[in-house]
Amino acid sequence: MKHGEGENTLLLDARTILGAGRDAEEVFTELAVRTGDWGACALAVCLALGVPQTDAEARIREVHPLLEEFTAGEEDFAASLLVCSQVFVVDRVLDDRGERIRDLLWVAAGARWGYPGSLLAWFRGGELTKLFLFFAKTEFRGRRGSPTDFWAAMVTAGELLAGEDGPDQDAVTVGLERCRAQAAALRAGSQIPR
């Protein structure tokens, strides 16, 4: 494929490469090396992932000044920038239950760190189980955050997630038991178990 070929061809190629199991960063890099049209490649990857076109175009416009800092041969760096800027994140629409779980996990994140910057893609993508399992491993040290609020939100989120069937069900159950133990230890005023 040469520079300037149709957007439809790029979109089809992006879908094919994604379908073969490659991630968005790899797909962008491959297409960008072949075509040199980074904006069109980023748009093709977004559309292939399912990002609505208007959202994709707005995201690309936002990072365009940063992309101009790169030159040919640095497509992999440009791809990393696009990933870090969450250009390729597909925002997931959740049902009421999912929204409740996401809200609880947001409360937990705020109680622990304040703002979950590096985890925003998981929040936006509705990666609820992944977030829960990550947060369930949290250990509080010092006086930072609010352990009581954190573990209360985590127990409720875990109970909601435990009602779902899925491949991570055993891990969710283990995580929920850890959250309950942490919350109980706080209520009892004892040392938090590890």
Looking at L94, L104, L49, L81, which one is under 30 Å from P147 (Cβ atoms), within 16 Å of the chain's Cα centre (by Cα) and hydrophobic (A, V, I, L, M, F, W, C)? L94
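Any chance segment 97-114 includes a residue that's over 28 Å from V83 (Cβ atoms) and surrounded by 14 or more Cβ atoms within 10 Å (Cβ to Cβ)? So that I can check it myself, show each step before the final result.
Here is the first cut: in segment 97-114, the ones over 28 Å from V83 (Cβ atoms) are 97, 100.
In the following step, the residues that additionally are surrounded by 14 or more Cβ atoms within 10 Å (Cβ to Cβ) were identified as 100.
Taking every residue of segment 97-114 in turn, at least one turns out to be over 28 Å from V83 (Cβ atoms) and surrounded by 14 or more Cβ atoms within 10 Å (Cβ to Cβ).
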So, in segment 20-54, of the ones that are open to solvent by 70 Å² or more (accessible area, probe 1.4 Å) and part of a helix (DSSP H, G or I), which residue ends up nearest to S80 (Cα to Cα)? E26
Could you tell me whether segment 60-77 includes any residue that is of a type in the set (K, R) and under 15 Å from the mean Cα position of the chain (by Cα)? no
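For (1) modelled with pLDDT of 90 or more; (2) among the hydrophobic types (A, V, I, L, M, F, W, C), each residue gets a yes or a no:
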| site | (1), (2) |
| --- | --- |
| D96 | yes, no |
| F132 | yes, yes |
| W151 | yes, yes |
| S190 | no, no |
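Considering only segment 131-154, state which residues are among the charged types (D, E, K, R) and more than 17 Å from L176 (Cα to Cα).
R141, R143, R144
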Going through segment 155-191 one residue at a time, which ones are touching a helix residue (DSSP H, G or I) at 6+ places or on another chain (Cβ under 6 Å) and more than 24 Å from R97 (Cβ to Cβ)? L186
Exactly one condition in (1) open to solvent by 20 Å² or more (accessible area, probe 1.4 Å); (2) free of Cβ contacts under 8 Å to residues at least 24 places away in the same chain is not met by V83; state its number. (2)
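Looking only at segment 87-96, decide whether some residue is of a type outside the set (K, R), open to solvent by less than 40 Å² (accessible area, probe 1.4 Å) and assigned to a helix (DSSP H, G or I).
No; the residues of segment 87-96 include none that is of a type outside the set (K, R), open to solvent by less than 40 Å² (accessible area, probe 1.4 Å) and assigned to a helix (DSSP H, G or I).
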Tell me which of these A24 doesn't satisfy, since it passes every other one: (1) closer than 30 Å to L128 by Cβ; (2) without any contact (Cβ under 8 Å) to a residue 60 or more places away in the chain. (2)
Go through (1) part of a helix (DSSP H, G or I); (2) open to solvent by less than 60 Å² (accessible area, probe 1.4 Å); (3) free of Cβ contacts under 8 Å to residues at least 40 places away in the same chain and name the single condition T129 misses. (3)
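Within segment 99-130, take every residue that is more than 21 Å from A183 (Cβ to Cβ) and in contact with a helix residue (DSSP H, G or I) (Cβ under 6 Å, 6 or more places away or on another chain) and give me the one that is modelled with the lowest pLDDT.
Keep residues of segment 99-130 that are more than 21 Å from A183 (Cβ to Cβ), which gives 99, 115, 117-127, 130.
Now drop any that are not in contact with a helix residue (DSSP H, G or I) (Cβ under 6 Å, 6 or more places away or on another chain), which leaves 122, 130.
Values: W122: 88, K130: 93.
Step by step, filter segment 99-130, then rank; the result is W122.
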Residues satisfying the stated conditions in segment 144-173, i.e. farther than 18 Å from V107 by Cβ, open to solvent by 50 Å² or more (accessible area, probe 1.4 Å) and either in contact (Cβ under 8 Å) with a residue 12 or more places away in the chain or among the acidic types (D, E) (or both): E164, D165, D168, D170
Filtering segment 1-19 down to residues that are over 18 Å from A78 (Cβ atoms) and of a type in the set (V, I, T), which residue is most open to solvent (accessible area, probe 1.4 Å)? T16
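The values are calculated or read from the model by the stated rules, or taken from the named source; none is laboratory data. Values in this document were obtained by computation on a predicted structure and should not be read as measured data. Positions of Cβ are generated from backbone atoms using ideal geometry, with glycine treated the same way; all protein chains shown enter the neighbour counts. Remember, those area values only see protein heavy atoms, side chains included, never the ligands or the DNA or RNA. Shrake-Rupley method; radii C 1.70, N 1.55, O 1.52, S 1.80 Å.
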